[in-house]
Structures are given as structure tokens and as C-alpha cells.
1. Work out, step by step, the length gained on full extension between residue 11 and residue 90: first 0.36 nm times the residue separation, then minus their alpha carbon distance; give nm to one decimal.
2. Considering the zone a paramagnetic label at residue 57 would reach in this model (a point 7 Å from Cα along the Cα-to-Cβ line), which residues of region 83-113 have amide N under 18 Å from it?
3. Once the Cα atoms of helix 90-112 and of the chain are each reduced to a long axis, what angle between those two axes, in degrees from 0 to 90 to the nearest 10, is obtained?
4. Hey, what's the per residue convex hull volume over the C-alpha atoms of the chain, in cubic angstrom?
5. Relative to the longest principal axis of the C-alpha atoms of the chain, give the angle of the C-alpha long axis of helix 38-55, reported between 0 and 90° and rounded to the nearest 10°.
6. Roughly speaking, what is the stretch gain from residue 21 to residue 108, that is 0.36 nm per residue apart minus the C-alpha to C-alpha distance, in nm to one decimal?
7. Say R0 is 22 Å: what FRET efficiency, to the nearest 0.05, do residue 71 and residue 44 get from their beta-carbon distance?
8. How far is helix 2-21 tilted, in degrees, relative to the longest principal axis of the Cα atoms in the chain, given as a value from 0 to 90 rounded to the nearest 10?
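Only the coordinates and a few stated rules stand behind these numbers; no lab work does. Values in this document were obtained by computation on a predicted structure and should not be read as measured data. Here the Cβ is made from the backbone with ideal geometry for all residues, glycine too, and neighbour counts use every protein chain on show.
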């Protein structure tokens, strides 16, 4: 089961990275979800990555994993700064952070039950 979670985690990271590099106008399926809002989407995506990452039981502490996931989001935003069709946004980083914190909180809650 852990191997499936880890495979899903790494495939998700690759997919998120790929989707963050192509112009947003090419993401028609994402535009259909625009009623959710860009920042909420960021939060949901990083919530998903955070909680999935913790279920992978990597041999690192969860707070280190959360820092790595946040660094991944920061790297994407730095790339967006130089990308001709994307923009660096502090609010995206905040939404990523909130998603990660929510994922960690829910994971810890599930572990207690």
C-alpha cells in the first residue's frame, strides 16, 4: 500500500510541476473550475500533496516533509517569476502554506483516532 501511495505522490508532483510550466490559457479543464478560485485551488492541491506525502511514511520527519513540499511550491513560484505566461504571486505561496498546514492538521487528527 505504501508503494502505491509513494508512486501516486511522485506522479502527482511531476504532474503539478508540468501543469505549472505550461501557459494557463492551455489549461481549459482548469478554466472550467475557475468558480473555485485560483487560491482555493492552490490550497486544495497542496493539501492533497501534504496529506498524501504523510501517508507515504517517508523516513523523514513530517515537518521536514512539509518544508520540502513548501519549497516545491516556492520553486514553482520562482519559475513563474521568469516565465513569460505566468506570474509570481505571494498569495499563491500563502494558499500553498495553508493547504499544507490543513493537511498536516487533518493527518495528525486521523492518526489520533
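1. Between residue 11 and residue 90, full extension yields 25.9 nm more.
2. 107-113
3. With rounding to tens, the tilt is 20 degrees.
4. Normalising the Cα hull of the chain by residue number yields 109 Å³.
5. 30
6. In short, 28.1 nm is gained.
7. Step by step, r from the Cβ atoms, then E = 0.70.
8. Taking Cα atoms only, the helix is inclined about 20 degrees.
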